[in-house]
Amino acid sequence: MGAGEVVEGPREIELKLDLDSADAARVRAHKVLHARAGAAQDELLLSTYYDTPDFALRRAGVYLRVRDKGGRFIQTIKSAGSETELLERLEWEQELPGPAPDLAAAEGTALAPLLTPEVRAALGPLFETRIRRSIRMAEREDATVEVAIDEGEMVSGTRFAPVSEVELELKRGEPAALFQLARKLGETVPLRVAVKTKAERGFELVEGGGRLAEKARDLDIPPDASCAEAFRAIARNCLRQIIVNEPGTSAGQPEALHQMRIGLRRLRAAIALFEDIVASDERDRIVEELRWITGELGPARELDVFAADVLPLLSEEHADPEAVAATQREFEERHAAAYARARGSVRSDRFRGALLDLAEWVEVGAWAHDDDEDEDDDEDETRNDRPVKELIKDELALLRKPIKRRGAKLADLGVGALHKLRIRAKRLRYATEFFAGTFAGDKARTRRAESLAALKDLQDALGGLNDLATHKTLLGSGDAESKDAQAWRKDPATKSLLAYAQDAYARFAKTKPFWKA
């Protein structure tokens, strides 16, 4: 083995679930666990996580931990295949004589290439976790799952954050067993699919606390990735955006709700892009649930936009203070009701079940594991294994064509047609972002950046027009130039946004497709 060469460690296959601390005892006593073979085990785990002050390890997706297990010290190095990996992580463990990390033992791990002299000198403890862990073994004929119920806290200086979660680690069998067990446990207590590791939450604590809202993370899909690999990477990325914004949405944080809706729309766009790859009854059910939760969050988002764009102008447009006050009171009542609906939805059994179904479908769905022995098997395998670069060229072209055609007549389009154009622009923008790393070369990167900038401006302008139309209750009037529609078109704000949209469209149309560079 050469210096700095990484030897792949054992893969940890684990599904993480959040739970309310009050429900931990009910999980421990669940009959499905006590019906399985294997003695219960309880232990106290004290773990210290190490990194540099500028998070050199974290930025590389590597985590270094030393855990005290009743006087035994275990050094663990973890690395996810990607930032959005849901189930699998690489893991290297080494027993140590004491609590200090042994960097010599990192040889052959994902940590070794990062250990420059500067990193070695700067490496130090950043936070601790203090966990009471209860372990149960769920055993069945075709699978063994270790169930760890963790309760405790993480500590960084004077900052504390509670920990209450269940980890289902596959010891034997197929990953589908994790989801089956999670669903069984979820019949008794409300368990939520989680994507943040203790390490990630600890670093957030170091930085001042968890974020209520999180935007989508960048994707890097190589050109030789298969269609199945590409779809799974994109879906995991979207799934993370949905899950991590649930606490903020429940807390009534507008940006978190906005980001959750973006994650939902991005995932629906991805499913549409890979329609031939994932087509099935499962897919139809998943899409229906995505539509449901998007609709549940919609009224709150629309009223947030109304509050930002319309309410501040009311006092300028209306001289009657009482009328303005009445509108404000009505808005506040509707806004509170909309957020109550959103909170109720994301805290519901239906939403929790939908996320578990979605995660299961992405990871082990039949779309990627077709076991039916029929004449179409070879064709399906070839389609899934086809390099994504070949498929996506055609899909991107199909998305671009109607935008160019309809956008050329943008000034003549009615409210409904403008709204449809905005949706198409949004889908192409998402698809363009998905494949940032798929088409290499300076020319492709330049074209992609120019196209994205133009699409963003076009989407923003069309979104502004849609908001104006919604405010004036025009949405649905289509291309018919009613009296109200004519008044809307003559509005100075409408004229300004239309001009902005036309400029953005011209830049988009002028930019050549980046996938043809």
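Of the conditions (1) in contact (Cβ under 8 Å) with a residue 12 or more places away in the chain; (2) open to solvent by 10 Å² or more (accessible area, probe 1.4 Å), N245 clears all except one; give me its number.
(2)
E151 passes all but one of (1) open to solvent by less than 40 Å² (accessible area, probe 1.4 Å); (2) assigned to a helix (DSSP H, G or I); which number fails?
E151 satisfies every listed condition except (2).
Select from segment 330-350 the residues that are open to solvent by less than 40 Å² (accessible area, probe 1.4 Å) and in contact (Cβ under 8 Å) with a residue 60 or more places away in the chain and list them in ascending order.
Correct list: Y339, A342, V346.
Where residues in segment 424-442 are surrounded by fewer than 20 Cβ atoms within 10 Å (Cβ to Cβ), at negative phi and not in a helix (DSSP H, G or I), which of them is farthest from the chain's Cα centre (by Cα)?
A440
Of everything in segment 394-423, what is surrounded by fewer than 17 Cβ atoms within 10 Å (Cβ to Cβ) and under 29 Å from the mean Cα position of the chain (by Cα)? Give them in sequence order.
Scanning segment 394-423 gives D394, A397, L398, K401, P402, K420, I423.
Would you mind finding the one in W361, W367 that is in contact with a Ser or Thr (Cβ under 7 Å, 6 or more places away or on another chain) and either at pLDDT 95 or above or open to solvent by less than 30 Å² (accessible area, probe 1.4 Å) (or both)? Let's see the steps before the verdict.
Working: W361 fails: in contact with a Ser or Thr (Cβ under 7 Å, 6 or more places away or on another chain).
Criteria check complete, one pass: W367.
Inspect all residues belonging to segment 476-495 and state whether any of them is part of a helix (DSSP H, G or I), at pLDDT 80 or above and closer than 20 Å to R429 by Cβ.
No, the conditions are met nowhere in segment 476-495.
Filter segment 319-329 for residues that are open to solvent by less than 100 Å² (accessible area, probe 1.4 Å) and either assigned to a helix (DSSP H, G or I) or in contact (Cβ under 8 Å) with a residue 24 or more places away in the chain (or both) and give the result.
Listed by number, the residues that qualify are P321, A323, V324, A325, A326, T327, Q328.
Take segment 187-208 and flag every residue that is farther than 23 Å from C238 by Cα and not β-branched (V, I, T).
Those that are farther than 23 Å from C238 by Cα and not β-branched (V, I, T): E187, L205, E207, G208.
So T473 clears everything in (1) at pLDDT below 95; (2) polar (S, T, N, Q); (3) open to solvent by less than 20 Å² (accessible area, probe 1.4 Å) except one condition, right? Which one?
Among (1) at pLDDT below 95; (2) polar (S, T, N, Q); (3) open to solvent by less than 20 Å² (accessible area, probe 1.4 Å), the lone unmet condition for T473 is (3).
Tell me yes or no: at least one residue of segment 42-51 is of a type in the set (V, I, T), in a loop (DSSP other than H, G, I, E, B), touching a residue at least 60 places away in the same chain (Cβ under 8 Å) and open to solvent by less than 50 Å² (accessible area, probe 1.4 Å).
Checked segment 42-51: no residue is of a type in the set (V, I, T), in a loop (DSSP other than H, G, I, E, B), touching a residue at least 60 places away in the same chain (Cβ under 8 Å) and open to solvent by less than 50 Å² (accessible area, probe 1.4 Å).
If you scan segment 251-275, which residues turn out to be outside any helix (DSSP H, G or I) and open to solvent by less than 10 Å² (accessible area, probe 1.4 Å)?
Within segment 251-275, F274 is the sole residue that qualifies.
Each row is one residue, and each column tells you yes or no for (1) open to solvent by less than 70 Å² (accessible area, probe 1.4 Å); (2) in contact with a strand residue (DSSP E or B) (Cβ under 8 Å, 6 or more places away or on another chain); (3) aliphatic (A, V, I, L, M).
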site	(1), (2), (3)
R89	yes, yes, no
G98	yes, yes, no
L103	yes, no, yes
A110	yes, yes, yes
L123	yes, yes, yes
E128	no, yes, no
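Yes or no: A342 in contact with a Pro (Cβ under 6 Å, 6 or more places away or on another chain), at pLDDT 95 or above and outside any loop (DSSP other than H, G, I, E, B)?
no
Please find, within segment 108-147, the residue that is farthest from E14 (Cα to Cα) out of those that are in contact (Cβ under 8 Å) with a residue 24 or more places away in the chain and in a loop (DSSP other than H, G, I, E, B).
Of everything passing the filter in segment 108-147, L123 is farthest from E14 (Cα to Cα).
Need the failing condition index for S315 against (1) modelled with pLDDT under 80; (2) among the polar types (S, T, N, Q); (3) in contact with an Asp or Glu (Cβ under 9 Å, 6 or more places away or on another chain), just the number.
(3) is the only condition that S315 fails.
Here are some residues: R232, R172, R192. Which one is under 27 Å from T76 (Cα atoms), among the charged types (D, E, K, R), open to solvent by 20 Å² or more (accessible area, probe 1.4 Å) and under 19 Å from the mean Cα position of the chain (by Cα)?
R192
May I ask you to verify whether G186 is open to solvent by 20 Å² or more (accessible area, probe 1.4 Å), among the small types (G, A, S) and within 28 Å of I77 (Cβ to Cβ)?
Spelling it out, it is not the case that G186 is open to solvent by 20 Å² or more (accessible area, probe 1.4 Å), among the small types (G, A, S) and within 28 Å of I77 (Cβ to Cβ).
Residues of segment 424-450 being without any contact (Cβ under 8 Å) to a residue 12 or more places away in the chain and out of contact with any helix residue (DSSP H, G or I) (no Cβ under 9 Å at 6 or more places or on another chain), which ones?
Of everything in segment 424-450, just one residue is without any contact (Cβ under 8 Å) to a residue 12 or more places away in the chain and out of contact with any helix residue (DSSP H, G or I) (no Cβ under 9 Å at 6 or more places or on another chain), namely D442.
The values are calculated or read from the model by the stated rules, or taken from the named source; none is laboratory data. As the structure is a computational prediction, the values presented were derived from the model and not from experiment. Every residue, glycine as well, gets a Cβ built from its backbone with ideal geometry; the counts of neighbours run over all protein chains shown. These area figures cover heavy atoms from the full protein model, side chains too; ligands, DNA and RNA do not enter into them. Shrake-Rupley method; radii C 1.70, N 1.55, O 1.52, S 1.80 Å.
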